[in-house]
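Take a look at the structure set out below.
The values are calculated or read from the model by the stated rules, or taken from the named source; none is laboratory data. Here the structure is a predicted model, which means the values were calculated and not measured. Here Cβ is always computed from backbone atoms with ideal geometry, including for glycine, and neighbour counts include all displayed protein chains.
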Amino acid sequence: MEKTAIREMTVRILIGAVGVYAILCVLLYLFQNRLIFFPKKGYNATPADYGLPFERVRLTAADGVRIAAWVVRNPASPFWVLFFHGNAGNNTQRIPYLAFLHSLGVNALLPDYRGYGESEGRPTERGVYLDAEAAWKWLTEKEGVPPEKIVIWGRSLGGGPACHLAPKVNPAGLVLESTFTSVKDMARRMFPVFPVSLIVRTRFDNASKIADVRCPVMVIHGPADTLVPYRLGRRLFELANEPKEFMEIRGNHNDTYSIDDEQCRRRWRAFLRRCFGEAYSPP
């Protein structure tokens with residue numbers, strides 16, 4: 001009797017464990033966007049608080065969603081950087097990047113994805129791609145900026161819309177900073193016991209798209225990044241076409257890039273010169 005009871009208890013435990021595992025798989029499948037996107041509504045600061053004159057613009061995505069964006073101009077420059085930020089917060093946390101780009105002597109457009117800041121809607125992979133396309137359309141059609149005068153910069157999750165857009169529009173250059181190869185690769189690292197190939201619907205498959213990018217590429221990543229593994233950044237670099245370059249930086253994921261680092265500034269100036277030609281003259 002005792003052995004039978006132990007067997008029955010073991011079976012019940014196993015069934016319960018399988019049930020919990022199945023429920024977790026379903027939850028990951030249904031609510032994965034909540035594990036990817038962490039938007040914050042509203043702004044508690046603007047570039048003006050940091051002494052940067054800026055404009056608020058409204059972009060309209062192809063599905064009708066209205067997207068908020070900030071523009072910081074360098075009136076003496078015809079060159080632009082279109083910057084796509086990471087998955088958390090909103091434009092407020094990226095004001096130092098706008099100041100950095102301004103110091104490099106270029107104009108900057110910083111859109112907030114749907115659901116972020118003052119943008120309408122809720123973020124999804126497809127929606128973020130539409131937001132990126134709307135930003136490009138505003139730059140090239142409303143502002144009349146030629147593609148050869150625009151560099152696309154994607155940081156972390158922002159590498160997704162950057163890699164989506166670049167093969168379609170052929171910009172002057174593409175910068176990927178602390179970016180992953182795909183959501184699947186990230187999920188395998190974060191949830192190794194789950195069948196991520198079956199669960200993951202949001203893909204951001206940057207690895208498959210970067211091979212179609214024909215402009216100069218600069219990949220920026222740090223070996224101490226504990227969120228997006230350094231090896232994924234190196235893999236993106238390996239998959240990119242020439243001309244390409246890799247910039248290794250210090251620190252963790254959210255402090256790997258130092259806009260006060262003069263070596264980084266020199267690398268950026270050199271890359272922009274490669275993209276824009278001799279007409280680019282940084283201050």
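Within segment 125-142, take every residue that is of a type in the set (Phe, Trp, Tyr) and under 12 Å from residue 59 (Cα atoms) and give me the one that is surrounded by the fewest Cβ atoms within 10 Å (Cβ to Cβ). It would help to see each step written out before you state the result.
Taking segment 125-142 first, the residues of a type in the set (Phe, Trp, Tyr) are 129, 136, 138.
Then drop every residue that is not under 12 Å from residue 59 (Cα atoms), which leaves 136, 138.
Values: 136: 24, 138: 21.
So, considering only residues that are of a type in the set (Phe, Trp, Tyr) and under 12 Å from residue 59 (Cα atoms), the one surrounded by the fewest Cβ atoms within 10 Å (Cβ to Cβ) is 138.
May I ask you to list the residues in segment 48-88 that are surrounded by 16 or more Cβ atoms within 10 Å (Cβ to Cβ) and either farther than 26 Å from residue 170 by Cβ or of a type in the set (Asp, Glu) (or both)? Steps first, please.
Restricting attention to segment 48-88, the residues satisfying the condition of being surrounded by 16 or more Cβ atoms within 10 Å (Cβ to Cβ) are 52, 54, 57, 59, 61, 65, 67-74, 77, 79-87.
52, 54, 68, 87, listed by residue number.
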- Query: Would segment 85-107 turn up any residue that is over 17 Å from the mean Cα position of the chain (by Cα) and free of Cβ contacts under 8 Å to residues at least 24 places away in the same chain?
  - Reply: no
- Query: Which number in (1) under 19 Å from the mean Cα position of the chain (by Cα); (2) outside any strand (DSSP E or B); (3) of a type outside the set (Phe, Trp, Tyr); (4) modelled with pLDDT of 95 or more marks the one condition that residue 241 misses?
  - Reply: (1)
- Query: Only one of these conditions is not met by residue 267: (1) of a type outside the set (Asp, Glu); (2) in a loop (DSSP other than H, G, I, E, B); (3) modelled with pLDDT under 95. Which number is it?
  - Reply: (2)
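Report whether or not residue 122 is crowded, with 22+ Cβ neighbours inside 10 Å and not in a helix (DSSP H, G or I). Explain how you work it out, then say what you get.
Working: crowded, with 22+ Cβ neighbours inside 10 Å: no; not in a helix (DSSP H, G or I): yes.
Taking the combined requirement at face value, the residue does not satisfy it.
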- What tally of residues in segment 75-109 results from selecting those that are part of a strand (DSSP E or B), closer than 24 Å to residue 204 by Cα and not small (Gly, Ala, Ser)? 5
